[in-house]
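Novice: First the structure, then my questions, so here it is.
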Amino acid sequence: MAAIVGGGKGAKPGEISLAHNGVLFMDEFPEYPRAVLETLRQPIETGDVVVARANAHVRYPCRFLLIAAANPCKCGYLPDPARACARVPQCGEDYLGRISGPLMDRFDLRLDVPPVTLADLDLPAAGETSASIAARVAAARAVQAARFAAAPGVRVNADAEGALLEEVAAPDAEGRALLARAAERFGLSARGYHRVLRVARTIADLDGAPGVSAAHVAEALSYRMPTTA
């Protein structure tokens, strides 16, 4: 617990504070103790963490980008009928079920990554180059910096909240209708609804689009729909 969120002798900062303004990568996410995972919920929202001790309360900054990875089940062979255990699909539900709903709700993007076959390894490189993607990201961040220049404490879409978020990420009529239908069908929480708006706005920025369209909302929703979990 102390290694991740902070504490121990002298109330030292944990990994979430050491990753401040950077990336915290947690592999085999469900293998962490449930208590450790649940302590991440509030720091993800607020960007700081309070380490309490008998004689003091120390507040550390921890605005980090959390990237978590997990196998689909304990043995990792859930998608392969020839190698999966006899408890399929319950084994996968039990394993990923160690991640609580409220914690999962805080992830903007959820992606299933299928196994890479030997045939795939022999294929020539395809898709955008890293340099091309980096250029689009830099351009999108420049757009966001200009957008929020007059908003204290807000630098990027992830920092926007409340009325400001509703203003800058308002989708067109078709996109708003799509989001409303998805929210009702899949039971999006208020947090999930606003996170979809932020992701859609960012997708629009990466496209160089001035407004958020239904296509941007649809892509943002596709990253949030239930997966193997």
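The values are calculated or read from the model by the stated rules, or taken from the named source; none is laboratory data. Remember, predicted model here, so these are calculated numbers, not experimental data. Backbone-built Cβ (ideal geometry, glycine too); neighbour counts: all protein chains shown.
Novice: Tell me which of these Leu66 doesn't satisfy, since it passes every other one: (1) modelled with pLDDT under 95; (2) within 18 Å of the chain's Cα centre (by Cα).
Specialist: The number of the failed condition is (1).
Novice: Moving to a separate point now. Taking the range 2-46, which residues are assigned to a loop (DSSP other than H, G, I, E, B), touching a Pro at 6+ places or on another chain (Cβ under 9 Å) and at negative phi?
Specialist: Result: His20, single match.
Novice: On to the next question. Going through the range 109-155 one residue at a time, which ones are without any contact (Cβ under 8 Å) to a residue 40 or more places away in the chain, among the small types (Gly, Ala, Ser) and within 18 Å of Gly208 (Cβ to Cβ)?
Specialist: Listed by number, the residues that qualify are Ala131, Ser132, Ala134, Ala135, Ala138, Ala142, Ala145, Ala146.
Novice: Next question, about the same structure. May I ask you to list pairs of residues, at least six apart or on different chains, whose Cβ atoms are under 8 Å apart, with the first in the range 67-92 being outside any loop (DSSP other than H, G, I, E, B) and surrounded by 12 or more Cβ atoms within 10 Å (Cβ to Cβ) and the second being modelled with pLDDT of 85 or more and basic (Lys, Arg)?
Specialist: Cys91/Lys74
Novice: Right, here's the next one. Checking the condition assigned to a helix (DSSP H, G or I), more than 30 Å from Leu78 (Cα to Cα) and modelled with pLDDT under 95, which residue from Ala158, Ala182, Ala151, Ala204 passes?
Specialist: Selected residue: Ala158, the only one of Ala158, Ala182, Ala151, Ala204 that is assigned to a helix (DSSP H, G or I), more than 30 Å from Leu78 (Cα to Cα) and modelled with pLDDT under 95.
Novice: Quick check: is even one residue across the range 47-62 outside any loop (DSSP other than H, G, I, E, B), loosely packed, with under 12 Cβ neighbours inside 10 Å, assigned by TED's automatic domain parsing to the domain that holds Arg34 and under 17 Å from the mean Cα position of the chain (by Cα)?
Specialist: No, the conditions are met nowhere in the range 47-62.
Novice: Just checking, does the range 171-178 include any residue being outside any helix (DSSP H, G or I) and either at pLDDT 95 or above or touching a Ser or Thr at 6+ places or on another chain (Cβ under 8 Å) (or both)?
Specialist: Yes: one or more hits.
Novice: Report whether or not Arg198 is at pLDDT 95 or above, of a type outside the set (S, T, N, Q) and surrounded by fewer than 17 Cβ atoms within 10 Å (Cβ to Cβ).
Specialist: Criteria not met by Arg198.
Novice: What is the residue count in the range 5-21 for residues that are at pLDDT 95 or above and touching a Phe, Trp or Tyr at 6+ places or on another chain (Cβ under 8 Å)?
Specialist: Matching residues across the range 5-21 total 4.
Novice: For the subset of the range 93-125 comprising residues that are of a type in the set (Gly, Ala, Ser) and in the same structural domain as Phe64 (by TED's automatic domain parsing), which member is surrounded by the fewest Cβ atoms within 10 Å (Cβ to Cβ)?
Specialist: Once the filter is applied, the top-ranked residue is Gly101.
Novice: Let me ask something else. Of all residues in the range 208-225 being among the aliphatic types (A, V, I, L, M) and crowded, with 20+ Cβ neighbours inside 10 Å, which is farthest from Glu167 (Cα to Cα)?
Specialist: Applying the filter and picking the extreme gives Leu221.
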